[in-house]
Amino acid sequence: MILLRKIATLFTAFVMICCVFAACEKGTEIDIKKEMFTVNVTQGANGTVSTDKTSVEKGGNLKVTMTPEAGYIPETLHVNGKAIEVSGEEVTLCDVQENLEIGAIFADADVTVSFVSDISEEIFGDKEVVYGGKYGDLPLAKSYKSEANGEEVNVFKGWNCNGVLVTSDTIVFEKSDHTLEAVYEKVGESDLMLRKPYSLTVAYYDAYALSLGISFHTKGAPYMPVIQISEGDTFDESTAETYICDTRSWETEYVNQTALNDLEFGKTYTYRAGDYGADMWSESYTITTRDGGAETSFIYLADTQQPETNAGTGVEITAGALMLEEAANRFDADFIVHGGDLVDKGDNPEFWKEMLGDMGEILGRLPVVFVQGVHESSDYYCQNVTDLFESMFNVNYPQQSGADDGAYYSLDIGAMHLVVLRSNDVYFNGGKISQPQIDWLISDLASANENQQTVWNVVAIHEPLFYPGSQTANSQTMRSQLMPVLREGKVDVVLQAYTHNSYMSYPLEYTEDANIRDFEDKQEWARVAVSAEQKSSTTVEGCELVCYDDYISGEEGTVFYEAGAGGPMRETKFAYNDKADNLSKYPLIQDMYSGGNNCTFADGKSYSFYGYIEVTSESLTIRTYAFNEEEYLASQAPSKFVYGIQLTK
């Protein structure tokens, strides 16, 4: 009997399955109902709650979105009376097995953070932060000598929250008010000295030459590298604003940099660089921002490199530093343009430390616009100098110029648009300036000429386009590439370096015959582009200043100028002892001097050179000065004006 019942049951199931298949074959729909649960949302204060469904099937999922009002965050999600802690605005409820009653509580997003130190009585104040945001700027704590060991110092390292070191970029995960504790490290005083700043430079950081990029080095990894700056001609720590630096290693040192972005035109500031944690500081430097008007002036020098460091030689200061000191104290310049080869061996930190140290008082108060030369590396014709450039000068140059061979960039300073080019391309790009740099230059000059404030376009480049002497293939190629761009871009003056001569061309216009490589007695490359009627002269400091009146940018040629060797490397094979012989041999040069053994001065002394350039909305004036460091050290003898030019519009 039991067997028959089982057979009957199986037969009945078989018949039902066959019926289902038969129904499917005929297209009949079978409605299998699923169990569904309702979703009811209760709205509260300070935000809204929504779901992706109004009902959900058994075992299904439901997405809940909590949207807070401004100033609030989701704190808890309530499901059928149960509170669930949340850390975001979306929650997914999985495997639903019942009807749902949903709501949410929104809390104030503002959190108060307090700061304490167990070894200091400093009062840091409180800070308001937002849950889910970053902590932002945090207070700094001073270092303190250890009471137990007078040779140790408790150096501030940062702030601790539940065992985690908090920085300005740390996300706030504490929803309620909380306290951060100061963290210290015991350090010997000898270690603190490794955080002493050196090799400090100031550069124009932005295209409008108002923000300042500060760079300084330390021997050891800094604890809290900062720049502190206050208004006025004396440093006031109580009112100083603190800028925290970015740090990275370079060679055997550490580079610390930041940008001062909140400065005003025509205002005096005093700042210092250092390690707040180690309480190690540079001297204070006073700097006055340019007034924002059309007028500006600057010192131009190049090739200051010292063949060897002065360490152990008894020489107290480098020749280039002495000359810069004389120039900066003599003239009220806004900034410095250095044409490259600042040091002789750019990959050796000791050369930079010595040269920048000797120039420190000047470089701390006058921004430097730096042009990369060929000595800023161990191989002299330096590829991969971007790292070195960025290690010494903090400049926000265009992104596309950050190639291995250096940077190019431009600045708008008063009535002048100043362009810095990268001539090192020619050594690693088949003897040519790279096309991206050419394209950038064309676009940059076009934009400058659309600017109504731009009266003068000046280009600075290390490798010269025109110079007295047998021309290199590089110069020939650069002329064919750049001269049409300079003319179309209405460039008035090109500042050059490299040869260690001091010379200035007539305003020259380029011709198509660029195949002649011997500059001597040849004018096929260029012609003097101004008329005789426009040329006049005046006497300045007992010397002739050549004047070109009614000068038209782009139509009457470009002046090519090299100030000369700014340091002890004054020897050059191109100049003759007699100035008249030079000018006869090089007919496109209107004035020329050499300061080495083939010195063109009657006293036979050795001279370095620099230029002082003044720019107004009506004129651009270049004056060249010869400097003898022996006379300067003996009697503070000033440099002497030797030649110059003035273009007027």
Residue check for F331: open to solvent by less than 10 Å² (accessible area, probe 1.4 Å), touching a strand residue (DSSP E or B) at 6+ places or on another chain (Cβ under 8 Å) and not polar (S, T, N, Q):
no
Can you pull out every residue in the stretch 409-426 that is closer than 20 Å to Q476 by Cα and in contact with a helix residue (DSSP H, G or I) (Cβ under 8 Å, 6 or more places away or on another chain)?
L421, R422, S423, D425, V426
Just to verify a result, which residue in the stretch 410-460, among those that are of a type in the set (G, A, S) and assigned to a helix (DSSP H, G or I), is nearest to S297 (Cα to Cα)?
A448
Failed condition for L165, given (1) more than 26 Å from the chain's Cα centre (by Cα); (2) open to solvent by 70 Å² or more (accessible area, probe 1.4 Å); (3) farther than 30 Å from I73 by Cβ, with all others met?
(3)
Could you tell me whether the stretch 227-236 includes any residue that is closer than 30 Å to A460 by Cα and crowded, with 22+ Cβ neighbours inside 10 Å?
yes
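Can you name every one of the strands (runs of 3 or more DSSP E) wholly within the stretch 596-649 that holds 1 or more residues which are open to solvent by 40 Å² or more (accessible area, probe 1.4 Å) and at pLDDT 90 or above? Please lay out each step first, then the result.
Values: elements: 608-615, 619-627, 640-648.
Strands (runs of 3 or more DSSP E) meeting the threshold: 608-615, 640-648.
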Which members of the stretch 273-309 meet the condition of being more than 30 Å from Y144 (Cα to Cα), open to solvent by 20 Å² or more (accessible area, probe 1.4 Å), of a type in the set (D, E, K, R) and touching a residue at least 60 places away in the same chain (Cβ under 8 Å)?
R290, E295
Confirm whether K175 is surrounded by 14 or more Cβ atoms within 10 Å (Cβ to Cβ), within 24 Å of Q228 (Cα to Cα) and charged (D, E, K, R).
no
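Mind telling me which of the residues A203, A221, A209 ends up being open to solvent by less than 70 Å² (accessible area, probe 1.4 Å), within 27 Å of the chain's Cα centre (by Cα) and on the phi > 0 side of the Ramachandran plot? So that I can check it myself, show each step before the final result.
Values: A203 fails: on the phi > 0 side of the Ramachandran plot; A221 fails: on the phi > 0 side of the Ramachandran plot.
Exactly one residue qualifies, and that residue is A209.
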If you go through the stretch 52-109, how many residues are out of contact with any Asp or Glu (no Cβ under 9 Å at 6 or more places or on another chain), hydrophobic (A, V, I, L, M, F, W, C) and under 18 Å from K34 (Cβ atoms)?
4
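Out of I73, I84, I119, report the one residue that is in a loop (DSSP other than H, G, I, E, B) and either surrounded by fewer than 15 Cβ atoms within 10 Å (Cβ to Cβ) or touching a Phe, Trp or Tyr at 6+ places or on another chain (Cβ under 7 Å) (or both).
On the way: I73 fails: in a loop (DSSP other than H, G, I, E, B); I84 fails: in a loop (DSSP other than H, G, I, E, B).
Being in a loop (DSSP other than H, G, I, E, B) and either surrounded by fewer than 15 Cβ atoms within 10 Å (Cβ to Cβ) or touching a Phe, Trp or Tyr at 6+ places or on another chain (Cβ under 7 Å) (or both) holds for just one of I73, I84, I119, which is I119.
The values are calculated or read from the model by the stated rules, or taken from the named source; none is laboratory data. All of these numbers come straight from a predicted model, not from anything done at the bench. With ideal geometry, Cβ positions are generated from the backbone for all residues, glycine too; neighbour counts draw on all protein chains shown. We work out accessible area using only protein heavy atoms, side chains counted, and drop any ligands, DNA or RNA first. Shrake-Rupley method; radii C 1.70, N 1.55, O 1.52, S 1.80 Å.
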